[in-house]
Amino acid sequence: MAKKRYSFVFDAPVSILLVFAYAAVYALDISLRSRMPLPEGQSLISYLFSCSSIDLKAPLDYVRLFSHALGSDGWNSLLLNALLMLILGRSAEEGAGSATLAVMLLLSPLVAGVITCLVPGLSAQGPDPLIFMMLLLNFFICLSTGSISCSWIVAFLAFTAFRAYALLAPMQSANMELLLKACLPLAVSLAGGIAGSLPAFLLLSKSSGSRPAGRKAAKGKAGRKNPRDEATVVASDGGDDFGTLDI
């Protein structure tokens, strides 16, 4: 009896590498916080993986426009965001492709970082633009396939509940300034997610528009009958006489 061979499948390389990088940044920040030559009062995440303003003459500020999406402020957000990126990223990568997802993962934090730098007093840190983009991308994929996946619903509810919990304190205090400060980062992240999902939306809309024509052509080819094709049915009268019936 032949033995079954099991192969290792790296099914979602971009999503897995993203989660590893996200976790590695937080691990480095904790383990090397006291050993790294950073400005006083700053950590690795607040120094390199956070974006608040930009100096056109400082090359490191251009890196922060992308790297701020890998920042994290605690284990709770780290675990939830990593789990959401694994769930949403795998299905998004299967639907849109690894290269397309990689481009969108760069576009989302770039747009969110640029908007953050244009608003005084605002800072961006965390993968919220990436998760917003993945939620929208998976929603577009569900619409194109005509089915809503249960994993998308669970991820959407979990992310919405976690972000709504952060707004409870400003809403209870009825302080409009605090509420505005809490809502602005979410709005910026949403804008980055929408901008990042636009390439996939355009690709999916084009592919869905070309499907009916392809189906009609296939139906037309299937509906045509070749006069040379004939089916021969052998009939018997109970004796030795056989005939053919052409259809």
Expected output for region 79-101 (first residue more than 16 Å from residue 136 (Cβ to Cβ) and at pLDDT 90 or above, partner of a type in the set (Phe, Trp, Tyr) and crowded, with 23+ Cβ neighbours inside 10 Å, Cβ below 7 Å, 6+ apart or cross-chain) is none
Restricted to region 144-153 and to residues being touching a residue at least 24 places away in the same chain (Cβ under 8 Å) and more than 18 Å from residue 203 (Cβ to Cβ), the residue surrounded by the fewest Cβ atoms within 10 Å (Cβ to Cβ) is 151
Scanning region 154-167 for residues that are aromatic (Phe, Trp, Tyr) and within 25 Å of residue 103 (Cα to Cα), the one most open to solvent (accessible area, probe 1.4 Å) turns out to be 156
Expected single match for among the aromatic types (Phe, Trp, Tyr), under 28 Å from residue 141 (Cβ atoms), open to solvent by 70 Å² or more (accessible area, probe 1.4 Å) and not in a helix (DSSP H, G or I) among 20, 10 is 10
The correct count of residues that are open to solvent by less than 60 Å² (accessible area, probe 1.4 Å), assigned to a helix (DSSP H, G or I) and either among the aromatic types (Phe, Trp, Tyr) or out of contact with any helix residue (DSSP H, G or I) (no Cβ under 6 Å at 6 or more places or on another chain) (or both) in region 24-47 is 4
The lone condition residue 54 fails out of (1) more than 21 Å from residue 197 (Cβ to Cβ); (2) in contact (Cβ under 8 Å) with a residue 24 or more places away in the chain; (3) open to solvent by less than 40 Å² (accessible area, probe 1.4 Å) is (3)
Subset of region 122-143, residues of a type in the set (Gly, Ala, Ser) and open to solvent by less than 40 Å² (accessible area, probe 1.4 Å), comes to 124, 126
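The values are calculated or read from the model by the stated rules, or taken from the named source; none is laboratory data. Being a predicted model, the structure only gives us computed values, none of them experimental. Ideal geometry is used to build each Cβ from the backbone, glycine not excepted, and the neighbour counts take in all protein chains shown. We work out accessible area using only protein heavy atoms, side chains counted, and drop any ligands, DNA or RNA first. Shrake-Rupley method; radii C 1.70, N 1.55, O 1.52, S 1.80 Å.
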